[in-house]
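Notes follow once the structure below has been shown.
Derivation of every value follows stated rules applied to the coordinates shown; laboratory data play no part. Computed from a predicted model, the values in this text were never measured in an experiment. Here the Cβ positions follow ideal geometry from the backbone for every residue, glycine too, while neighbour counts run over all protein chains shown.
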Amino acid sequence: MIYLDYQATTPLAPEVAAAMQPWIEEKFANPHSPSRWGREADAAVDVARSQVEKAIGLRDGSVAFTGSATEALNWALKGTVEKAPPGRNRIITVATEHAAVLDTCEWLTDRGVDLTLLPVKPDGLIDLEDLERELDDRVLLVAVMLVNNEIGVIQTVTEIARMAHDAGALMLCDAVQGFGRIEIPEEADLVAISAHKIHGPKGIGALWMRDGAEPAPLLHGGGQERQMRSGTLSPALCVGFGEAAKLAQSRATRDYDHVQKLWTAALNALGPGWVINGDTRHRYHGNLNIRREGVDGARMMADLRDIAFSLGSACASGSGRPSHVLRALGLSYPEARSSVRLGFGRYTTRQELVDACHRIAAVAKQQEHLDA
Ligand code: PLP
């Protein structure tokens, strides 16, 4: 199989698997128990926390581990609303956010939140003037993702956060697809990340919180995670996340250069006739979302079962619904249907990517002839 679905998840790094191994097999203590073994596990969790904090690279805040980025985003949104000062009940977010943000915001509208969804331009970026127009002293939170999971475009989060702050609002950044790949903007107050997108294990995420911007708890119980989040932490998952974050930081330049080369190789191998969905410059180049007239993305996936790629997002794939992100760019239904997303990164070889792109291009040509 050729794996080209890096936005859905990434392969576990061998270094991460090795670091987790003792915590899966031998070291089973509860990190919240006072025994010597418990304290050892707790210390390992603390090391992992500082590795993740270091990789995030922001000052004046700290990380709490969660079960996923979805949980971190739910926590940030619901917990901030719960602590809202009187009169601040508006949330501004973007039409192309992940479902973890959009669906949570929608849920909050039944609980008194006034929600504004900003549109995006055909390149997938928001128009800052649209944001400026919407900001007022009733805005509590502006939630904008760093790197889009479907089309890879990078929003101007620093600028957006400054504008939010000028209006007295907080800024939440879903940095799941950006963490470990590009710098996290300094101005965000709340940042959600996930281990499995950076060659770490599934089932663990984190919320970075600026001091003073901590949301009210989402999960109640033992308060194991710094009295802010309840549930026994898994030392194995925390250690894996920490190791993955450390690796991403130490390999940042190498990984970045590799991805740049892969991007160019993929475009050359695909050949002419393809349109790239979303801006190509303000973009993470490990995401190549492309369309071509006459292509049926779903049929292409069925024809190329030994290549793992995706139709837009993993969530939209299989649902039969056209991707909300591609629709927000203004793509017609047939254009959205003719789009596929190729995601690659650290462990993708140039050769396998080129082979896959040649085969994708060949199937596209066949489909063109069938349609003609
Ligand atoms: N946000 C973005 C941009 C994502 O790509 C994803 C995962 O697909 C999530 C949030 C949710 O992350 P998790 O799988 O940790 O819940």
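Laid out as a table, the results:
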| quantity | calculated |
| --- | --- |
| Over the range 48-136 - Rg/Rh using Cα atoms and the Kirkwood inverse-distance radius | 1.01 |
| Cubic angstrom per residue, convex hull over Cα atoms of the range 21-73 | 107 |
| Antiparallel bridge percentage (DSSP; both residues within the range 108-223; nearest 5) | 50 |
| Convex hull per residue volume in Å³, alpha carbons only, for the range 1-116 | 188 |
| Between helix 252-270 and the chain: long-axis angle, C-alpha atoms, 0 to 90°, nearest 10 | 20 |
| Ellipsoid equivalent to the chain - semi-axes via the Cα gyration tensor, in Å | 35, 27, 17 |
| The chain: most fluctuating residue of 244, 69, 266 per GNM, C-alpha cutoff 10 Å | 266 |
| Peptides 101-108, 186-193, 12-19 ordered by average Cβ neighbours within 10 Å, highest first | 186-193, 101-108, 12-19 |
| Most mobile listed residue (286, 297, 152) in the chain, GNM with C-alpha springs under 10 Å | 297 |
| Fraction of the pair-distance distribution of the range 132-207 above 22 Å, Cα-Cα pairs, percent | 25 |
| Protection proxy ranking, peptides 207-218, 346-357, 173-184, average beta carbon neighbours within 10 Å, highest first | 173-184, 207-218, 346-357 |
| Subset of 202/261; 197/246; 54/202; 54/197; 78/246; 83/202 violating a 24 Å alpha-carbon distance limit | 202/261; 78/246; 83/202 |
| Where trypsin sites (Lys or Arg not before Pro) fall in DSSP loop in the range 253-294, at most 10 other Cβ within 10 Å | 281 |
| Ranking of 28, 309 by count of other Cβ atoms within 10 Å, fewest first | 28, 309 |
| Within the chain, percent of DSSP bridges classed antiparallel, to nearest 5 | 55 |
| The chain - mean residue ellipticity at 222 nm from DSSP helices (-39,500 (n - 2.57) per run, n ≥ 4, rounded to 500) | -12500 deg cm²/dmol |
